[in-house]
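The values are calculated or read from the model by the stated rules, or taken from the named source; none is laboratory data. Please read these numbers as outputs of a predicted model, since none were measured by experiment. Reconstructed Cβ throughout: ideal geometry from the backbone, glycine too, with neighbour counts over all protein chains shown. Protein only, heavy atoms only, side chains kept; ligands, DNA and RNA dropped before computing areas. Shrake-Rupley method; radii C 1.70, N 1.55, O 1.52, S 1.80 Å.
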Amino acid sequence: MTFHERLAAAMDRQEVSQAILAQHLGVSPASVSSWCSGAKRPTDVGRLQEIAEFLGISPGHLQFGEDDVRAPNSEESEAERLAYRRELCWYWRPAPRDRGRQFGNAAAYAFESDIPTLARESAQNISDERLETALTVDARYVVGELTGIALDDFLSAIKFDEIRPHLESASRANRKAGSVIERGLDEVSNGRLRYIRIEDYDASGLTGPEFEEGRYMAVVRNVLDSQKGDTAGGSYGLGWATLPATSQFGLVICNSQLSIPLDGRAENRFMGVIDLPWHQLGKDEFAGRGWYGIPDPADEDTEFRPTVSCWGNRALAADALVQRPNHRPGTSFLIVGAYDASGVVDEIDEMAALLSESLAGSFWPAMVDAPDADVAARLRVMVRAERNGDRVSENYVNPLRYQPSKTKALLKHLADDVVDTLEEPGDVVRRPVTLRVPSRHDEPKHEAQNHDAVLLVSEVGEDEAALPHAVSDRITKLRGSHMVVSVTSAGTLPLGARPFHAIVLAGEAAGDSPAGRAADRFLRAAEPPAHNRWIGTPEIKASYARGAVTALSEFDEKIKLAVREIIRQPNRSSSDGPEALKELIRIQPPSVTGRRPRVRDVLEHHINDEGAWVITEATVRLPPRANGRGWTFSPVLRFGTESGAPIPVGWASIEAVKRCQLDDVGRFASHPSARTATFSAVTDPETHPVGAWRAKILLDVRIHDDEASR
């Protein structure tokens, strides 16, 4: 069934008409009609999630065609099951004759073996493998747990009993890997196994022959073999290394639907790969890697015959938990014995949540969908948690949830809804920043040229300021892949600067042009293996004219200068009161001795009939503290004088409004994760040295913690 057929069937089951669904979603009936007919389909992940929830189905069923994938029980399937149990085996690469020993894959040590790294590297490969004919590549990350019969059936399908002796030997041969392997074996012995399955759809798939150059060879057999173009990020080998590195056993099961058939075959190309250090069983020594497949019929070696892909066995794919729910090309990778090496998370729901957060953090620009601007998301991601195949949770990764201010800023840029200065919350200022691209010696050669990158600056909104771990005053940089390359400090900022986000769209992210393509290639060459900054790499120095490193430094300084100029511009006045009152109130500037809470703005202020100043919803900016604690503060209002220090006045009442609370002695206390707090207050006229109309006032906060910056 296609998407529109699944949608129509779900509407029929729930007796929901097109008009009712349109009313619930707030769209026109014509839009729903086009979805049901197959003429169009919704692309916004928030809307897709809402449709699935309203119709009582899983997002996975709506998007991919099946909810819980189960192996069919037909006679044909039983025949396939008997065939793979009879034919498949593990082949282990013998140790070299020179007795050299490799105690691990060096590529795996290039990264941290944790969930955020897995998310970044795997999604980068998925994004780069998007078919040229597809606007969007879909990805699904499934974090699962097996117990009981389901675990026994899975271990039988991958012939784990053949693997176990090698794992036990490898754990003794390598101290670092040994403890991880032992923990994994203990979990299996205790009846529990976790996995992460990474699926992509409308991607290339593992194309190419078994033992010659191609995507299949690059992923399954080779190390550090890149099959990508010169502007794609990463290599299959280095990115692939994060998959076995996230397995306690170094074990990954692959099943692929090919975009280009090989010898007339395209469906269910199956192979298991295990990446172990050198180890020994009896007198036999093994280099480390092993492959689970069919013995190569073309190889005449009867003792050490390599295994090759098993094709078209749907029962095998289902039993090994890599069954593809539809015929869209792409690959499913199952990480067996998945774990987070950092130890931050352990349970499957925690791992799923961290995956969602990490994917959004690195790929929110690629997930932005702007149909009004005729821009489709390059990457659409779903994260699911399951136990024994039963769904625990399943949600789209919505960039508006995790990166609201940045996502809205990019959407405004795509819609050409930008302004010259930051005047109101949500405004976006756009400026060109020139990157000098040096001449290139290697193919494709080109002369030196200038590229105008796009700088976007927006004020941080309340929705993001209130998020845990929210960080502002940073510059996010990306190029044509739409993966976040780095998030860096903006340097020294002007006094009174509002919290902001800055986004740099460089290379092809700024637009498709010859200069944009040249800049994208230049910046790609400036990225180290982790693709987390732009520096003078060996490739930059070898492929470009002298001065390439200087050009990168100049570009960075130009960005910071442009950001400072934008946020230095006069800010709006938040007061709705008369102009005379606006002239009377001043927000105290921040101390130059360190970052501390300060009043950012005031929604409204006036003088009441009793002659008291009424401050309504004053917002205090709360920077994060090094000790991780919250802030304790109280508002201070002073009357200005012609000469001498301002005179403080007392409060008749103070009230906590948002993200803070009053303690027992009348001070405001904030939660450590809060980045803003809002209060209202009324002064006591009896404490005024002069009438309220006769003096300017200064509004600030006093910190009541001796450890706070002053």
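Tell me whether the stretch 256-270 contains one or more residues that are touching a residue at least 12 places away in the same chain (Cβ under 8 Å), open to solvent by less than 30 Å² (accessible area, probe 1.4 Å) and out of contact with any Ser or Thr (no Cβ under 9 Å at 6 or more places or on another chain).
Going residue by residue through the stretch 256-270, those that are touching a residue at least 12 places away in the same chain (Cβ under 8 Å) are 256-260, 262, 265-270.
Okay, now just the ones that are also open to solvent by less than 30 Å² (accessible area, probe 1.4 Å), so 256-258, 266, 268-270.
Still in the list and also out of contact with any Ser or Thr (no Cβ under 9 Å at 6 or more places or on another chain): none.
So far as the stretch 256-270 goes, no, none of its residues is touching a residue at least 12 places away in the same chain (Cβ under 8 Å), open to solvent by less than 30 Å² (accessible area, probe 1.4 Å) and out of contact with any Ser or Thr (no Cβ under 9 Å at 6 or more places or on another chain).
From the residues in the stretch 426-438 that are open to solvent by less than 30 Å² (accessible area, probe 1.4 Å) and not aliphatic (A, V, I, L, M), which one is modelled with the lowest pLDDT? Step through it out loud before you land on a result.
In the first step, residues of the stretch 426-438 are kept if they are open to solvent by less than 30 Å² (accessible area, probe 1.4 Å); the result is 427-429, 433, 435, 437-438.
Of the ones still in play, those that are also not aliphatic (A, V, I, L, M) are 427, 438.
On the way: 427: 89, 438: 96.
By that ranking, first place goes to 427.
Just for the stretch 406-427: of the residues that are in contact with a Phe, Trp or Tyr (Cβ under 9 Å, 6 or more places away or on another chain) and either among the hydroxyl-bearing types (Ser, Thr, Tyr) or in a loop (DSSP other than H, G, I, E, B) (or both), which one is farthest from residue 366 (Cα to Cα)?
We begin by selecting, within the stretch 406-427, every residue in contact with a Phe, Trp or Tyr (Cβ under 9 Å, 6 or more places away or on another chain); these are 406-407, 410, 422.
Checking the rest, the ones that are also either among the hydroxyl-bearing types (Ser, Thr, Tyr) or in a loop (DSSP other than H, G, I, E, B) (or both) come to 407, 422.
On the way: 407: 10, 422: 26 Å.
It comes out as 422.
So, in the stretch 36-62, of the ones that are over 11 Å from residue 3 (Cα atoms) and hydroxyl-bearing (Ser, Thr, Tyr), which residue ends up most open to solvent (accessible area, probe 1.4 Å)?
43
Restricting to the stretch 356-405, name every residue that is closer than 18 Å to residue 195 by Cα and assigned to a loop (DSSP other than H, G, I, E, B).
The answer is 388, 389.
Please enumerate the residues belonging to the stretch 123-147 that are in a strand (DSSP E or B) and open to solvent by less than 10 Å² (accessible area, probe 1.4 Å).
Step one: list which residues in the stretch 123-147 are in a strand (DSSP E or B), which gives 130, 137-146.
Within the stretch 123-147, 137, 138, 139, 140, 141, 142, 143, 144, 146 qualify.
Are there any pairs, at least 6 apart or on different chains, whose C-beta atoms fall under 9 Å, with the first in the stretch 149-174 and touching a residue at least 60 places away in the same chain (Cβ under 8 Å) and closer than 9 Å to residue 279 by Cβ and the second in a loop (DSSP other than H, G, I, E, B) and open to solvent by 30 Å² or more (accessible area, probe 1.4 Å), and if so, which?
Partner pairs satisfying both residue conditions: 173/101; 173/103; 174/103.
Could you check the stretch 65-122 and list, in sequence order, the residues that are modelled with pLDDT under 75, in contact with a Gly (Cβ under 8 Å, 6 or more places away or on another chain) and part of a helix (DSSP H, G or I)?
107
Name the single residue, out of those in the stretch 25-35 being of a type outside the set (Gly, Ala, Ser) and over 20 Å from residue 394 (Cβ atoms), that is least open to solvent (accessible area, probe 1.4 Å). Spell out how you get there, then give the answer.
Quick first cut of the stretch 25-35, residues of a type outside the set (Gly, Ala, Ser) only: 25, 27, 29, 32, 35.
Add one more test, that the residue is over 20 Å from residue 394 (Cβ atoms), and what stays is 27, 29, 32, 35.
Values: 27: 29, 29: 78, 32: 0, 35: 18 Å².
Once the filter is applied, the top-ranked residue is 32.
When you scan the stretch 627-699 for strands (runs of 3 or more DSSP E) that lie fully inside it, which ones turn up with 3 or more residues that are crowded, with 18+ Cβ neighbours inside 10 Å and small (Gly, Ala, Ser)?
Hits in the stretch 627-699: 676-683.
Can you name the number of the only condition in (1) at positive phi; (2) open to solvent by less than 40 Å² (accessible area, probe 1.4 Å); (3) at pLDDT below 85 that residue 494 fails?
Tallying (1) at positive phi; (2) open to solvent by less than 40 Å² (accessible area, probe 1.4 Å); (3) at pLDDT below 85, residue 494 fails exactly one: (1).
In the stretch 439-460, how many residues are closer than 22 Å to residue 504 by Cβ, at pLDDT 90 or above and not in a strand (DSSP E or B)?
1
Would you be able to say whether some residue in the stretch 282-293 is open to solvent by 20 Å² or more (accessible area, probe 1.4 Å) and without any contact (Cβ under 8 Å) to a residue 24 or more places away in the chain?
Yes: one or more hits.
Among all residue pairs at least 6 apart or on different chains, which show Cβ distances below 8 Å where the first residue, located in the stretch 7-23, is within 15 Å of residue 42 (Cα to Cα) and the second is modelled with pLDDT of 85 or more and part of a loop (DSSP other than H, G, I, E, B)?
22/28
Out of the residues in the stretch 508-528 that are open to solvent by 20 Å² or more (accessible area, probe 1.4 Å) and acidic (Asp, Glu), which is nearest to residue 542 (Cα to Cα)?
Only one residue tops the list, namely 508.
Name the residues in the stretch 305-347 that are over 28 Å from the mean Cα position of the chain (by Cα) and either among the basic types (Lys, Arg) or assigned to a strand (DSSP E or B) (or both), would you? Let's see the steps before the verdict.
Going residue by residue through the stretch 305-347, those that are over 28 Å from the mean Cα position of the chain (by Cα) are 305-319.
Hits for the stretch 305-347 are 305, 307, 308, 310, 311, 314.
Would you be able to tell me the number of residues in the stretch 180-206 that are open to solvent by less than 20 Å² (accessible area, probe 1.4 Å) and acidic (Asp, Glu)? Before the answer, list the steps.
Step one: filter the stretch 180-206 for residues open to solvent by less than 20 Å² (accessible area, probe 1.4 Å), giving 181, 184-185, 188, 193-196, 198-201, 203-206.
Restricting the remaining residues to those that are acidic (Asp, Glu) gives 199-200.
Final tally of qualifying residues: 2.
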